[in-house]
Structure formats: C-alpha cells, structure tokens
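To start, the structure itself, in structure tokens.
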Amino acid sequence: MAQADSKFVLRLADDHLILGQRLAEWCGHAPTLEEELSHANIGLDLLGQARNLFAYASQLLGGTDEDRLAFLRLEHEYKNVLLVEFPNEDFGYSVIRQLFFSAFMHPYWQALTSSADAELRAIAGQAVKEAAYHVRHSREWTLRLGDGTEESRQRVQTAVDDLWSFTGELFEVDDLYRQMMEAQVAPDPVSIAPTWRETVVATLEEATLQVPTETWMQTGGRVGRHTEALGHLLTELQYMQRAYPDMAW
C-alpha cells in the first residue's frame, strides 16, 4: 500500500491552516450575525482538516509534534498556495477567495477518497462533505453580491480580477507532486481543472461578473516564496506558542 510523502501532506495542511486563520479574522467584523457563524464554522472545518493533516504529517515524520508543525515553523517553511494567504481586503474578497479555493478542493477531496494512501482516504472522506457546503456558501454569496447593487458588483469584480492570477498554483505539478501521482496517492490536478472551471465560470456568469481572460499566473507558495501578507498573518497565528513555549492547557 502506497504512503504519502510528509512534504505533500504538509502542503495540504498549510493551505487549510492559513485559510482557516484568514476566516477567523472575520470574527467580530462580518456584515451580519449569520455570517459571523458561517465564516467561523467554515474556518473550523478548515482547521479541523488541517489538524488531521498535521497529525498525519507528524506520524510520517516519526512523531514530530503537530503543534510545532502548525505554529513554530518559519515563513519560508510554509508551503501553502499564495491564494489562501491573500488578505481579506473586504467581504467580497473573502467570498471570491473561498469560491476559487473550495471549487478546487471539493473535487480534489473526492479524488483523494480513491487514494492509495489509506489515511488520506479517511481524511478526504470527511472533508469532501464539508467542502461541498463551502462551495455552496461561497457560490450563493457571489451571486448575491455580483447581481446586487452596483457597488457590491464592482467590489466582487475587483476581487475576481485581483485573485484570478493566484488560481493557477492550485494546478501546478512539480517533482514531488509527480511522485505522488505515480504512486497513485494524489490525483492529477489537470483532471480537476474542467470541474473547477465549470463551477467558477458558471457562478461568475450567473452573478453577471466578467470572467478574466488573463492566462499569466502567480507562483511561489509551494516552494516557500510568499507575499508579505503571510508574515503578518503568522505573527498573530504564532503569538501564543512563541510567547509561552510548550505551554499546556
């Protein structure tokens, strides 16, 4: 039975940890009480998925503490895609960022339920149900804002235009990923691209938003080259662990 590489698992864990932290920033700032709860719940889903992945990575690394993996690495040691670290800017940015990410992760988790790695299959089996809700929630808000007032439409169109060039990294294949594909641990992201594009394009068009035609894509997150936003995010994320090392609740 094939087993995942710890570096591959950490990539997935980092994606979900960082985006979960971004969603947590909406606590006390969301536009409605309902969205306080919705964003918090989605953030908790992502953090739960991240914890499962960190626990597995810890096991693959021979018992490295999962909290150290989550909270005590340096900025360049995080291998999340750039999309998830992008600042909230406004509510529309968060909605579009979640749409782009969830539209990828839902079919990706579905594909991972057939992984040759038994632990990843188990993690994916739970995560795919949560990701389905994340797609539905972000899609509904995209439609509401895109086909709403002129200001709301302009704001989410700006978010679409700004974030589009960060989506290509979701589909990148490097040597590590190619090894995971050959071992049948990970799916080919190219096979997921049509589903992602169908979901995203159909949603944007129904929301009366323009689909960008830009083909040049940002990259760097998977090799530890990040935007300056990640450093600021890690300052808050890691504060307690660094201020009180090895504390126990």
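The table below lists the values:
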item	result
Solvent-accessible area of residue 147 with every protein chain in place, 1.4 Å probe, in Å² to the nearest 10	100
Charge dipole magnitude, Cβ of K and R +1, D and E -1 - region 110-209, Cα centre, debye nearest 20	380
Dipole magnitude of region 70-147 about its Cα centre (Cβ charges: Lys, Arg +1; Asp, Glu -1), debye to nearest 20	260
Crossing angle, helix 150-163 versus the chain [Cα axis fit, 0-90 degrees, rounded to tens]	40
Heavy atoms of residue 216 accessible to a 1.4 Å probe, total area in Å² rounded to 10	150
The chain: angle of helix 91-112 to the longest principal axis, Cα-based, in degrees nearest 10	50
Phi-based couplings in Hz for region 215-227 (Karplus 6.51, -1.76, 1.60; Gly and Pro marked x)	10, 6, 10, 6, 8, x, x, 5, 10, x, 9, 10, 6
Accessible-area order (highest first, 1.4 angstrom probe) of the listed residues 223, 128, 173	223, 173, 128
Positive-end residue of 12, 113, 189, charge dipole of the chain with Cβ unit charges	113
Residue 66 accessible area, assembled protein chains, probe 1.4 Å, Å²	50
Farthest toward positive dipole pole in the chain [+1 Lys/Arg, -1 Asp/Glu at C-beta], among 76, 212, 86	76
Within the chain: Cβ-based charge dipole about Cα centre, in debye rounded to nearest 20 (Lys, Arg +1; Asp, Glu -1)	440
Where 181, 240, 105 fall by accessible area, highest first, once all protein chains stay in place (1.4 Å)	240, 181, 105
Note, ³J(HN,Hα) from phi for region 182-193, Karplus 6.51, -1.76, 1.60, rounded to Hz, x at Gly and Pro	5, 7, 6, 7, 10, x, 6, x, 4, 5, 8, 3
Accessible surface ranking that places the most exposed of 25, 182, 206 first, with a 1.4 angstrom probe	182, 206, 25
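The values are calculated or read from the model by the stated rules, or taken from the named source; none is laboratory data. Just so we're clear, the structure is a prediction, and the values are computed from it rather than from any experiment. With ideal geometry, Cβ positions are generated from the backbone for all residues, glycine too; neighbour counts draw on all protein chains shown. Surface accessibility is based on the protein's heavy atoms, side chains included, excluding ligands, DNA and RNA. Shrake-Rupley method; radii C 1.70, N 1.55, O 1.52, S 1.80 Å.
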